[in-house]
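To start, the structure under review is shown below, and the notes come after it.
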Amino acid sequence: MGLVLAGGISVQFGGALAVTLMPRAGALGVVTLRLAVAALVMLVICRPRLRGHSRTDWGTVIVFGVTMAAMNGLFYQAVARIPLGLAVTLEVLGPLALSVLASRRAVNAVWAGLALCGVFLLGKGGGVGGLDPLGIAFALAAGLAWALYIVFSARTGRRFPQADGLALAMAVAAVLFLPLGIVESGTRLLDPTTLALGAAVAVLSSVLPYTLELLALRRLPASTFAILMSLEPAIAATAGFLILDQALTTVEALAIALVIGASMGAVRTQVGRGKAGVSG
């Protein structure tokens, strides 16, 4: 459990650090630095084999890379406009919807309704209503990209050994984002301080959490892992408060709690379905 929580803390505090870097490098520039540094580290560590893969294998890893680039780019555009905790809360609706649709059980209507109540509270409590509509749209689109990321991550994992597919997909994402980062930030990306902070974001948001999650999955059931990952909005809100001074109202905190509860409930429903299938 400690490894998963440490990974979540690393991701969200890395996200908070990324927000502080945006005035220096821009949102697209920060994504470029994160993906480029993370890709280099992963390629050096994994040393993925380039030969012996089919066209379908490469097609899968390329689509995975595209979804990774989209997920990161959209999310960073969101946190450039709205508080980190609320952005992650809206983003997590994507994986939640995927879980609900995949299960196809009536009880999931409860979890969907709980999540919608959370979003409604954000609106009524001044959370969503007072935010940049474009930031909200980016966060929701990032959630959709996250759901696709989960789907293609699983497909890539089945076709490539260990973390080879992830390393290659990250390289694809970095190459795709490089022109965007250069157009927005230009030579600012080469500033030593910016490079150092970008490398820190890459380590905190990509390299370290992936390593911790990989170790955790060797020790924890996947269901427990998924439930702990549902705590991401709360961790993000904490990081936003401590680093970015983004305080939440009581209503906003309750809304985040409802979305977390819906995510945990959806995961437990999936686990129950799996157990029923095994016993039957």
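Taking segment 220-280 as the region of interest, the helices (runs of 4 or more DSSP H) fully inside it that hold 2 or more residues being open to solvent by less than 50 Å² (accessible area, probe 1.4 Å) and at pLDDT 80 or above are 232-244, 250-279. Filtering segment 1-18 to residues that are touching a residue at least 24 places away in the same chain (Cβ under 8 Å), part of a helix (DSSP H, G or I) and open to solvent by 30 Å² or more (accessible area, probe 1.4 Å) leaves LEU3, LEU5, ALA6, ILE9, VAL11, PHE13, LEU17. The residues of segment 38-76 that are farther than 20 Å from VAL88 by Cα and open to solvent by less than 40 Å² (accessible area, probe 1.4 Å), listed by number, are ALA38, ALA39, MET42, CYS46, PRO48, HIS53, ASP57, GLY59, THR60, VAL61, PHE64, GLY65.
The values are calculated or read from the model by the stated rules, or taken from the named source; none is laboratory data. The model shown is predicted, which means the values in this text are computed figures rather than measured ones. So basically every Cβ, Gly included, is an ideal-geometry build from the backbone, and we count neighbours across all protein chains shown. Ligands, DNA and RNA are excluded from the accessible area calculation, which covers all protein heavy atoms including side chains. Shrake-Rupley method; radii C 1.70, N 1.55, O 1.52, S 1.80 Å.
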